[in-house]
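Computed from the coordinates by the stated procedures, all read-outs in this text should not be read as laboratory data. Here the structure is a predicted model, which is why all the values come from computation and not from measurement. In this analysis, Cβ positions are derived from the backbone assuming ideal geometry, glycine residues included, and neighbour counts consider all displayed protein chains.
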Amino acid sequence: MALDDILTQVPIDDIAKRLGVSHDEAKAAVEQGGAVLLGGLKKNASTNEGSAAIERALKKHEGAKTRASVDDIDQEDGGKIVSHILGADEKKVTEKLSTSEKTAGIDFGKLLPILAPIIMNLIANRAGKGNGSDSTGGQGGLGDIIGGILGGGSAGSAGGGGVTDLLGGLLGGLFGNKK
């Protein structure tokens, strides 16, 4: 599973309409927003406490089906997920994403709560399939699943290093300096 798998689960055209942007702008924003949420999850999964909290949250998302439209997504739950993932850095992250060269003007405060439940569903379903060596039960398994999604990101889309560049520049400063 890779970041591309997330893109196939996201109603890009619906998001574009909701945000008032083109399909390509919405896709770039989904790629960057997804990478940030995954990076935050990976950071949180690096501690026993964070990993346990993520695993509890994933149980609520196991077996969930793909949503056909943005209206089908529980954005209130998504907002809570984003708050847990990004914590005190939520506002800083959304502002930084909204002023990024590739996604300037996108309202990530609206986008991230749409993406968060989709990402949690994908991770929950992936973890549930492993049922042992690569699934839940310790920070390594959960971190490996999240890292696998990040590592398998969309190399050709959004031009250049997209996800990798964003993660290096954005997450390094926001999450790297915290214990």
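Using a cut-off of 26 Å between Cα atoms, the listed pairs Lys60/Lys110; Lys17/Lys96; Lys60/Lys102; Lys17/Lys102 include Lys60/Lys102 as exceeding that distance. Computed from label points 7 Å out along Cα-Cβ, the spacing between Ser22 and Ser98 is 2.2 nm. Work out the FRET efficiency for Glu49 and Asp74 from their Cβ-Cβ distance, taking R0 = 22 Å, and round it to the nearest 0.05. Result of the calculation: an efficiency of 0.30. With Rh defined as the Kirkwood radius, the inverse of the mean 1/r over Cα pairs, the Rg/Rh of segment 41-103 is 1.03. Computed from label points 7 Å out along Cα-Cβ, the spacing between Glu62 and Ser83 is 2.6 nm. When only Cα pairs below 8 angstrom with a gap of at least 6 residues are kept, segment 14-132 shows a relative contact order of 38 percent.
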